[in-house]
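Heads up, the thing below is written out as structure tokens.
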Amino acid sequence: MTNVTNLEQAAEKLAKASRRRVPAKPSTGTYDSSGRRVIRHDPGRLPQILDELGEALKEYGENLFVFAGRPVRVYPAPESPGKGITRARGALILHSVDGAHLAELAGRAALHERYDARSEAYKSCDCPRRVSDAYLSRGYWPELRQLTGFVEAPIVTLNGRLLDAPGYDADTGLFLAFEKIPGYTAPASKPGMDEASSAAGRLIEAVSEFPFVDDTDRSAFLAGVMTGLLRRVLSAAPMMAVTAPSPGTGKTLIAETFAIIASGRRASVLSLGHDDAETEKRLAGVLLAGDACIALDNIERPLKGELLCQVASQEFVRLRPLGASGMVSIPTHALLVATGNNLAIVGDLKRRVSLIRLDACQERPEQRAFKRDHLNDVFAQRGAFIRDALTICLAYIGAGFPAVDGLYPLGGFEHWDRLVRRPLVWLGLPDPLKASEALRDQDPDLEAMRLLYGSWSEVFGSEKKTAAEVVSAGMEAAPMTSEYVHADLREALQLVCSEKPNARRLGFWLRSHRDRIVDGSTLRQAGLDGHAKVARWHVMPAANAADASIPF
């Protein structure tokens, strides 16, 4: 027998065997007798298998969502905290679904079968890991439910709809991850102003032993409670900042109160990193995990930075998560609460803060005696507090969002202004942002601008000077003395340059503060020095700035 004959016979045997392995009927969209989907893993059908798996996961639907471009599930955080992050026991967070876990979920969602040549029939099998990995690699899962976030308390939507039934709400993309809350009863759909005023009074009574400076701070406290409950539907919200002159005044307790009412547990505490990169990674971690309330506790340095500004005022931020190389777009709908002694908030962040001031007027405020255990009371009355906070919001919505006289609009925080700030002022309470106005006067950058603008005008008048000329004048010493000719200008230069004044540092500062108006004066660039080709500057009245031309 020739080799060709042997090859022909071998080919015939392979053909017969392959015909035996071909299933008798299609393997797409089949169900067993109990109605459970059956997925058959036949060779050459990977795209169809992935489609079937997507449909099976959609039908299964139990606690599986897409959040920030990745499949996730909601369940308690592990006991061991992450670096720089401390969470209460049992805190719910979002967990990414990897290939191994998806294979398990696929096994729960459908019956998986593989054709067995020996028995010439399909037999049950586990979902192959290559299939679950391939499904995750798609990067787009329109069949799965899109998750905006999860909440652990009833919430009111932007159009006034009350959500207080556990489960997924398709219109908002919110997953209500709670069961019956003791003490909670649904508020009226259209409560009146009197009901809302009574609700606000009960919430303020719960913190009656806290030494708020005045009613403005009590109003800001109410704003913090309402923001914690509504934050998931607000595109942006100010950061709550709790400050006091001495330790032990109750700053952390206020932050914990916000978290307990919103989530039923104490706040997740985030330690700021040693640099912006470390802070970014930690903040990305808690935002990706879906924490509802993030406490920046006991801040000892001035609070500032682009990232905190973006988290407070933007609906999404692009961050690089810890351990990842790529950037992801992450929702920012978590309540940020910063606490600190004589908390310093500088730069653009001060416009994005609602300040709560406490002052016990005692040397050792931690030694005060209280009539009750505050946190135990908040846990016990949480359901009633939720109802009261939502009543305030629903009353204002039910009244048709009436206009509030004398309240300037808050750009960038329109939803928060509409559902939190205006309802409180409508009830006759102070503007919860009023105390924050003091941050402007306490801003060291603003103090430096005032000092430099004033001394510049005194020394140079309307003359146009380069940065080098200003430094030279400021550092000029008086003959035969240890004094400086322009002492105020020198002090201002030391303040704005942070170190020994020089033209490079001052030039950078001037460029970053160009056209800023302080106390009626502004800094303008006045063309270039003809010889050295460097910028010239002058300080002038802001009223004349619009008419000034900049020659180049």
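Mind pulling the angle between the C-alpha long axis of helix 276-289 and the longest principal axis of the chain? Nearest 10 degrees, somewhere in 0 to 90. Once rounded, one gets 50 degrees.
Stretching His415 away from Arg320 to a fully extended chain increases their span by 31.4 nm, per 0.36 nm per residue minus the current alpha-carbon distance.
With both labels modelled 7 Å from their Cα along Cα-to-Cβ, the Leu162 to Val534 distance reads 6.8 nm. The overall shape of the range 55-166, judged from the alpha-carbon gyration tensor, is prolate: a/c is not under 1.5, and a/b is greater than b/c. First check a/c for the range 324-476, with a ≥ b ≥ c the square roots of the eigenvalues of its C-alpha gyration tensor; if it is under 1.5, answer rounded, and if not, answer prolate when a/b is larger than b/c or oblate otherwise. Verdict is prolate for the range 324-476. Projected label points at Ala468 and Arg511, each 7 Å from Cα along the beta carbon direction, are separated by 1.6 nanometres.
The residue list Ser132, Val151, Ile85 was ranked by how far each Cα lies along the charge dipole of the range 75-172 toward its positive end, using unit charges on Cβ atoms, and Ile85 comes out on top. Histogrammed with a bin width of 5 Å, the alpha carbon distances of the range 467-534 distribute as 3, 16, 21, 24, 19, 11, 5, 1 percent, first bin at zero. The charge dipole of the range 335-389, taken about its Cα centre with unit charges on the Cβ of Lys, Arg, Asp and Glu (plus for the first two, minus for the last two), comes to roughly 160 debye.
Find the relative contact order for the range 76-150 and round it to a whole percent, using C-alpha pairs within less than 8 Å whose residues are 6+ positions apart.
Details: 51 pairs, mean separation 17.9, N = 75.
Relative contact order here is 24 percent.
Can you tell me, using C-alpha contacts under 8 Å and at least 6 residues apart, the relative contact order of the chain as a whole percent? Contact order relative to length: 14 percent.
Note on the chain: helix-only mean residue ellipticity at 222 nm, from DSSP H runs of 4+ residues weighted -39500 (n - 2.57) and normalised by residue number, equals -11000 deg cm²/dmol.
Taking 60 Å as R0, compute the FRET efficiency from the Cβ-Cβ separation of Leu307 and Asp32 and round it to 0.05. Efficiency computed from Cβ-Cβ geometry: 0.70.
Overall size of the chain from C-alpha positions, given as principal axis extents largest first: 119, 71, 46 Å.
Packing, as the average of other Cβ atoms within 10 Å across residues, places the peptides 41-51, 468-478 in the order 468-478, 41-51, highest first. Charge tally around Val233: other residues with Cβ under 12 Å, Lys/Arg +1 each, Asp/Glu -1 each, net +1. Ranking His415, Gln442, Leu452 by Cα position along the charge dipole of the range 413-455, where only Lys, Arg, Asp and Glu carry charges on their C-beta atoms, puts His415 farthest toward the positive end. In plain terms, the chain from Glu366 to Ser119 could stretch by 81.2 nm, reckoned as 0.36 nm per residue minus the Cα-Cα distance. For the chain, the longest principal axis of the C-alpha atoms and the axis of helix 382-398 are separated by about 70°.
Dipole size of the chain about its Cα centre, with +1 on Lys/Arg Cβ and -1 on Asp/Glu Cβ: approximately 2000 debye, rounded to the nearest 20.
At full extension, Ser198 and Glu300 could sit 32.9 nm farther apart than now, given 0.36 nm per residue minus the alpha carbon distance. Of the chymotrypsin sites (Phe, Trp or Tyr not before Pro) in the range 122-172, the ones in a loop by DSSP (not H, G, I, E or B) with at most 14 other beta carbons within 10 Å are Tyr140.
Relative contact order, whole percent, for the range 114-180 stands at 24, derived from Cα pairs under 8 Å and 6 or more residues apart.
If you take the Cα centroid of the range 475-543 and the Cα centroid of the range 399-456, the two points sit 31 Å apart. Applying a threshold of 25 Å to the alpha-carbon distances of Lys251/Lys350; Lys281/Lys350; Lys304/Lys434; Lys251/Lys371; Lys304/Lys465; Lys350/Lys465 flags Lys304/Lys465; Lys350/Lys465 as lying beyond it.
Rule-based calculations on the coordinates, nothing more; no lab input. A quick note: this is a predicted structure, and the numbers were derived from the prediction, not measured. No Cβ is skipped: glycine too gets one built from the backbone with ideal geometry, and neighbour counts run over all protein chains shown.
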